[in-house]
1. Assess whether residue B:226 counts as being buried (at least 22 other Cβ atoms within 10 Å of the Cβ), within 30 Å of residue A:126 (Cβ to Cβ) and within 14 Å of chain A (Cβ to nearest Cβ).
2. When you go through (1) more than 14 Å from chain A (Cβ to nearest Cβ); (2) out of contact with any Ser or Thr (no Cβ under 9 Å at 6 or more places or on another chain); (3) of a type in the set (Gly, Ala, Ser) one by one for residue B:113, which number turns out not to apply?
3. Condition first: closer than 25 Å to residue B:333 by Cα, away from chain A (no Cβ under 12 Å) and buried (at least 20 other Cβ atoms within 10 Å of the Cβ). Now tell me which residues in the stretch B:366-390 satisfy that.
4. Out of (1) within 14 Å of chain B (Cβ to nearest Cβ); (2) in contact (Cβ under 8 Å) with a residue 24 or more places away in the chain, the odd one out for residue A:17 is which?
5. Determine if the stretch B:45-68 includes at least one residue that is within 12 Å of another protein chain (Cβ to nearest Cβ) and among the hydrophobic types (A, V, I, L, M, F, W, C).
6. May I ask you to list pairs of residues, at least six apart or on different chains, whose Cβ atoms are under 9 Å apart, with the first in the stretch B:123-142 being in contact (Cβ under 8 Å) with a residue 12 or more places away in the chain and the second being aromatic (Phe, Trp, Tyr) and part of a loop (DSSP other than H, G, I, E, B)?
7. Among B:318, B:292, which is at the interface with chain A (Cβ under 10 Å from one of its Cβ atoms), without any contact (Cβ under 8 Å) to a residue 60 or more places away in the chain, more than 24 Å from residue B:240 (Cα to Cα) and not hydroxyl-bearing (Ser, Thr, Tyr)?
8. Could you list, ordered by first residue, the pairs with Cβ atoms under 6 Å in which the first is in the stretch B:92-113 and within 17 Å of residue B:217 (Cβ to Cβ) and the second is of a type in the set (S, T, N, Q) and modelled with pLDDT of 90 or more, at least 6 apart or interchain?
Amino acid sequence: MNLKPATIFEIVRLIDLQPPGQTGFCMLVSSSAGQEFIGDLREELELQIARSLGVMYVAEMTADALVDQLRTTEDSVVLLHGFGAWGDDQFISLDVNRSRLETGAFLLFSVDFRTAGRLLDDAPNIRSFLGPNIFVIAPDPSSMRPQEIADRLNQLSMHYSLSDEEVLKRAARGDLPPEPHFAEWLVLLGRSELVR
Amino acid sequence: MPIQPSTAAIPDRRQRFRAFMKRFNPTAPARVAIGEGLIYHDAVLSVFRKLAARADLGPGSQQLVVGGIGSGKTTQLLMAEQELVTHEQILPVYVDVSVETDLSNVSSGALLASLGLLIWKAITAEFRPSDALSKAHEAIWIAAYGEDTTPLSDRLLDHAAGYSIRMTGKLRPPFPAIRRDVRHLAESVSVLNTFLRDRGRELVAIFDGLDRLINADRFWSVAEQDLRAIKPLEISVLAAGPLSIMYGPGRQVKDYFDEVYYLGPAIADPKVSNFLLDTLFLRGADELMRPNQMRRLCLASGGVLRDLISLARNAGENAYLDDADYIEDIHVEQAIEQLGNSYLLGLGTQQKALLTRVLEGDGFSPSDPERLELLITRRILEQSESRYEVHPALAAVLTSLPGDLELE
């Protein structure tokens, strides 16, 4: 599967493209929405387009509570994460109430790969609004020092017990698992065209 | 043929792309799109006019618009509303049920309560209501939002003298009786309706949002009691329903309605029908893309209107991120691939294998819940009652998947 990789810088450019007041839907697939990612996104939003980021951790929420909280938030960009803990019924409940998500904010659904599939399957109405706007979060090598890139590549190599060459070979054959880490790996190697 | 830059001053690139995004926003409310003239009229001509004509000529008729997600049901209902507004004696009342209440917990009576509150709003905008009307409104309000009631134990004491047990009869009615609370609610709505009828105004209730209940049983469990209670009031009803009503057990629900209009995917091939291409032109797609790219998007959309809008928008986003001034072929292909991947995500091995067999020429019939799900989630599109195809964007990514799917 060839989900499009996008850096935080590009995601913010897309958010900026959304006419003000219109609700936006976007899905970000990554291994986790860690504090570092949230911090980077917040910083980029403020620097690039002077907008604030609302963050909602939804794991303990019902779909109804999520909608209620969204309707009272004043942030024009909201990152929703923690869906991995949700059951099918919660996704279905959110789906039938899709109209109530239309608050004029830009909504970023941050999910891991497995949860992305469950959300899209259980929530076809939300899928229809997301359309092709599903991205794998990728690092931006141009903003990283060579040592940072090397360290991260080493980390990935240790974690998966694979070398860069093996990853490149498997990517060329199209048989890398659809795990966001491999997209990151290829981007760091400067071979984002092989992301599968 | 390259796009020729206009001789007029080229506005700021960001503003140009932003304006494009505004016209191609798949999440924009249909009412806004209609107001901004972004709906291609010829395509919707027949259905919304038929809906409005039947509601006008047959008071008390109940009509349903069904179709897949993103097929334009809301647009049809809103355009029917616009058409009905031009008739002086008709008062259309549009109820977006999904906005009025939490649809995942909705139960019988919710349609009537929402309708009653909106009729009241319409009445008070024009008239000074009498006490009788206010009383009816109060009953509707309580049904909608509840009230503090006497504790059960007190009520039991109050009614203990007249307590009785109902013995079930041998003959079950063919339709379940209308529940008492729903009947009472309908009586209150009837008071408001009679007031308007006496002043020469006929109500048409337009219920939108129920199509989100994609399971036909769930849809009917919410709608049945209310629709049957509304019928004798001679209020015409237009409603949106899910695609599942057209198949399997859903067909029994279909039979209830006086008329059911089915919105299938549009003809995707611009050589056969200009509808999708004209929709793109109407929204000004040609400002950023060439006609051959537009034709490519039409085909890849499979005729699903919202997918067409999403594809055009995404092609624009890809061009913007690439710092291109216009959409190039690569941006169109990326958009199609991204849409295909969004349909691919979540599919299990067996589903992929089934879709691959359909691509290879096997027949398809939504004969079981698993197959029906592929249709409802738009991975399979119905081209006619007996012809189905894999969504073209999904087909493109499926055929590029490596290896034997069964071994995945």
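The values are calculated or read from the model by the stated rules, or taken from the named source; none is laboratory data. Values in this document were obtained by computation on a predicted structure and should not be read as measured data. Ideal geometry is used to build each Cβ from the backbone, glycine not excepted, and the neighbour counts take in all protein chains shown.
1. Details: buried (at least 22 other Cβ atoms within 10 Å of the Cβ): yes; within 30 Å of residue A:126 (Cβ to Cβ): yes; within 14 Å of chain A (Cβ to nearest Cβ): no.
No; evaluated as a whole, the condition is false for this residue.
2. That leaves (2) as the condition not met.
3. B:380, B:381, B:382, B:390
4. Looking at each condition in turn, residue A:17 falls short on (2).
5. No: the stretch B:45-68 contains no residue that is within 12 Å of another protein chain (Cβ to nearest Cβ) and among the hydrophobic types (A, V, I, L, M, F, W, C).
6. B:133/B:127
7. B:318
8. Close Cβ pairs (under 6 Å, with a partner that is of a type in the set (S, T, N, Q) and modelled with pLDDT of 90 or more) amount to B:104/A:93; B:108/B:225.
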